[in-house]
1. Taking the Cα atoms of the range 105-200 alone, what are Rg (to one decimal) and Dmax (as a whole number) in Å?
2. If you filter the range 194-274 for chymotrypsin sites (Phe, Trp or Tyr not before Pro), then keep DSSP loop positions with at most 14 other Cβ within 10 Å, what is left?
3. Apply the Karplus parameterisation 6.51 cos²θ - 1.76 cosθ + 1.60, with θ equal to phi minus 60°, to every residue of the range 76-83 and state each ³J(HN,Hα) to the nearest whole Hz, in sequence, with x for glycine and proline.
4. So for the chain, what are the equivalent ellipsoid semi-axes in whole Å, largest first, each being the square root of 5 times an eigenvalue of the Cα gyration tensor?
5. Counting only protein heavy atoms and a 1.4 Å probe, tell me what percentage of the chain's accessible area is made up of carbon and sulfur.
6. What does the accessible area per residue of the chain come to in Å², with a 1.4 Å probe and no ligands, DNA or RNA counted?
7. Using a 1.4 Å probe and ignoring any ligands, DNA or RNA, find the accessible area of SER70 and quote it in Å² to the nearest 10.
8. Which three extents, in whole angstrom, do the alpha-carbon atoms of the range 1-99 cover along their principal axes, largest first?
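The values are calculated or read from the model by the stated rules, or taken from the named source; none is laboratory data. None of these values were measured; they are calculated from a predicted model. Using ideal geometry, Cβ is built from the backbone for each residue, glycine included, and neighbour counts are taken over all protein chains shown. Accessible surface areas use protein heavy atoms only, side chains included; no ligands, DNA or RNA. Shrake-Rupley method; radii C 1.70, N 1.55, O 1.52, S 1.80 Å.
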Amino acid sequence: MSYAIVADSSADLVSAADLGLENSPISFKVAPLKILAGDREWVDDGSNDIEDMVEFLSTYKGKSGTACPSLGEWIEGFNNADFAFGIAITSQLSGSYESAMIAKNTYEAENPGRRVHIVDSLSTGPHMRLIAEKLRALIEEELPFEEIRDRIEDYRDNTKLVFMLESLNNLANNGRVSPAVAKLTGMLGIRIVGRATDGTLDPAYKCRGEKKALATIVKEMATQGFQGGKVRIAHVLNEGAAVTLKEKILEAFPTAQIEMYGARGLDSFYAEKNGLLVGYEI
Ligand code: X90
């Protein structure tokens, strides 16, 4: 039996090596979203210089936006496997999940016996990475397809996303948050700390300064039931804040297993410069 994992690029995974699968029979592929600004396009396949993209967009005056992966890109990710698992950014803010579901139905119809399960992450970024890591572990345990499907749905519900944003401009300009929510930011030094709730952006706290925002993230994690498990931090050109956050989490939860890395194109476009996305287990 062959297995495949495919995540859309909002998971910030670039290659099989990011999941420790470089020498594994389990295939890993990315279904790229696209970032568009005028006649420029970035296919979020890990090949872009993110600093360059963020820099370009910060001075670009025209309209910019994004597009979800196509049916064909999802099917390519299934890699002709007997059993394939896909992870999509929240269906509440993107068409990626819907595209993946059409791909699943097409693939199963064309290949009798093969099975696909698509996880609607109801989230993005590092929350999706945790789901991908868990899928790898469940597949390596050689559990039956149905059990992996049920257990990954449970895991999605027992993992959370908290984030820190300095600007909601790109989210508002693309209709992903209301103009009222977008008005929360824009004042010098103000950070929004929020969470994914039912697949949408929930701007829970307005904080003055990064220090307060980072303390609020740790408090939010504790409130939601974090007990010192896995944490994944994606940052948009803000390694300093990620390092400080890691230290603060470890002070409060010495057993936490934390990894951090730079966000790729899609999350960098929406979370914008200095944004942090934090996925954690509860
Ligand atoms: O289909 C497309 O073009 C992609 C649209 C994606 C829109 C949402 C991206 C969110 C990126 C921003 C902060 C965290 C929000 C959490 C919401 C669940 C990251």
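1. Here Rg and the maximum Cα pair distance are 18.1, 57 Å.
2. none
3. Per residue, the Karplus-derived 3J(HN,Hα) values read 4, x, 6, 6, 6, 6, 5, 10 Hz.
4. 30, 23, 16
5. 48 percent
6. Result: 44 Å² per residue.
7. Roll a 1.4 Å probe over it and SER70 shows about 50 Å².
8. Per principal axis, max minus min of the Cα coordinates gives 51, 28, 20 Å.
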